[in-house]
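Read-outs throughout are calculated quantities, based only on the coordinates presented, and are distinct from any laboratory measurement. Here the structure is a predicted model, which means the values were calculated and not measured. Using ideal geometry, Cβ is built from the backbone for each residue, glycine included, and neighbour counts are taken over all protein chains shown.
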């Protein structure tokens, strides 16, 4: 199973490292990532494989949310099937 992680906020050093570190700790494999910096706004979309995750989806989401709150970022994660359903016409 895959999940989509989105991160938006003021650009600063270490955002990608912080989010990917949480993924590594949780046993989620980053399979694709795209990021942009527009003036001082950071935006990232990350695809992760969570089939072999060492933690529950809820705990993984809580770690990412807490990281976002600590850094002043908006960090969201959703299952790939939900993401695809929301964007299918």
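Let me have the 222 nm mean residue ellipticity of the chain computed from DSSP H runs of 4+ only, each contributing -39500 (n - 2.57), with the sum over all residues rounded to the nearest 500.
It lands at -11500 deg cm²/dmol.
Once both labels are modelled 7 Å past Cα along the beta-carbon direction, what's the residue 40-residue 56 spacing in nm?
4.0 nm
Could you give me D for the chain, from Stokes-Einstein at 25 °C and 0.890 mPa s, where the hydrodynamic radius is the Kirkwood radius over C-alpha pairs? Units µm² s⁻¹, please.
Stokes-Einstein gives a translational diffusion coefficient of 186 µm²/s.
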